[in-house]
1. Out of everything in the stretch 69-90 that is part of a strand (DSSP E or B) and at pLDDT 95 or above, what residue ends up being nearest to the ligand (Cβ to nearest atom)?
2. Any idea which residue in the stretch 1-33 is farthest from the ligand (Cβ to nearest atom), counting only those that are among the hydrophobic types (A, V, I, L, M, F, W, C) and outside any strand (DSSP E or B)?
3. Scan (1) in a loop (DSSP other than H, G, I, E, B); (2) touching a residue at least 24 places away in the same chain (Cβ under 8 Å) for the single condition G66 breaks and write down its number.
4. I need the full set of residues from the stretch 34-65 which are within 10 Å of the ligand (Cβ to nearest atom) and of a type in the set (A, V, I, L, M, F, W, C), in order please.
5. Within the stretch 93-137, which residues are within 11 Å of the ligand (Cβ to nearest atom), surrounded by fewer than 17 Cβ atoms within 10 Å (Cβ to Cβ) and without any contact (Cβ under 8 Å) to a residue 40 or more places away in the chain?
6. So G104 passes all but one of these: (1) in contact with a Gly (Cβ under 9 Å, 6 or more places away or on another chain); (2) farther than 30 Å from E67 by Cβ; (3) not charged (D, E, K, R). Which condition number does it fail?
7. Can you tell me which condition L147 does not meet? The list is (1) away from the ligand (no atom under 16 Å from the Cβ); (2) within 17 Å of A15 (Cα to Cα), and all the others hold.
Amino acid sequence: MDKGLLVVISGPSGAGKGTIYQRVIERTGMKRSVSVTTRKPREGEVEGVNYYFRTEEEYQQMIAAGEFLETAAVYNNFYGTPKAPVFENLDNGYDVLFEVDVHGAKSIKKKYPEAIAIFVMTPDFETLEQRLRGRGTESEDSLKTRLGAAKRELGKYEMFDYIVFNDDAEQAIGDVLDIINAEKRKVKNNVSVIKQLLGQN
Ligand code: 5GP
């Protein structure tokens, strides 16, 4: 069996990667990776769906036990990806979709170079600021921090395989689906199937 694809959606906070991630999961049935975080749940967020919410002490224990594929401090909280379920899914031929910040994407690429990294960005920084303000969940300080971070994140463009400009959400979702579909059709990702057709397995 061919291994599944590991696809990472990343980009600045407010660029809309969360919505894209959600819709791509719905339309493709790809496996989601649920991250662990020490931040408090926002209204409507569900344990085990949006995140596993843990105390800092519990989180440190998980780090010590080597349970993370990657872990990062983002805006005074910890976020990390549990390792075991990801590799289990890939080995069983399932495609896995990640939504992580740019540091996370970099760590994943380092540990798993076959990962496909997609950078989601607004058409410009003004739109990003409008979207962050419109969300109404960030303080003025947090907003400035996130805008500053966005520029630094785009500066890391060389580590990404694709960039999607999220002007219109439907178009952006379509772009991500096109990328995943093209990657799925690569011969190197279908060698087992091809050999089976040839009776070589
Ligand atoms: P939020 O607090 O808005 O849910 O997420 C803040 C940032 O943390 C976002 O950019 C989000 O993509 C990132 N993030 C979420 N989960 C993970 C993870 O497992 N690892 C890393 N490195 N970043 C994550």
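The values are calculated or read from the model by the stated rules, or taken from the named source; none is laboratory data. Everything numeric in this text was worked out from a predicted model, so none of it was measured. Every residue, glycine among them, receives a Cβ derived from its backbone with ideal geometry; neighbour counts consider all protein chains shown.
1. Out of the qualifying residues, it is N77.
2. Taking the stretch 1-33 first, the residues among the hydrophobic types (A, V, I, L, M, F, W, C) are 1, 5-9, 15, 20, 24-25, 30.
Narrowing further to those that are outside any strand (DSSP E or B): 1, 5, 15, 20, 24-25, 30.
Values: M1: 27, L5: 18, A15: 9, I20: 12, V24: 14, I25: 14, M30: 16 Å.
Going through the qualifying residues, I end up with M1.
3. Among (1) in a loop (DSSP other than H, G, I, E, B); (2) touching a residue at least 24 places away in the same chain (Cβ under 8 Å), the lone unmet condition for G66 is (2).
4. Selection gives V34, V36.
5. Passing the criteria: none in range.
6. For G104, the exception is condition (2).
7. With (1) away from the ligand (no atom under 16 Å from the Cβ); (2) within 17 Å of A15 (Cα to Cα) applied to L147, the lone miss is (1).
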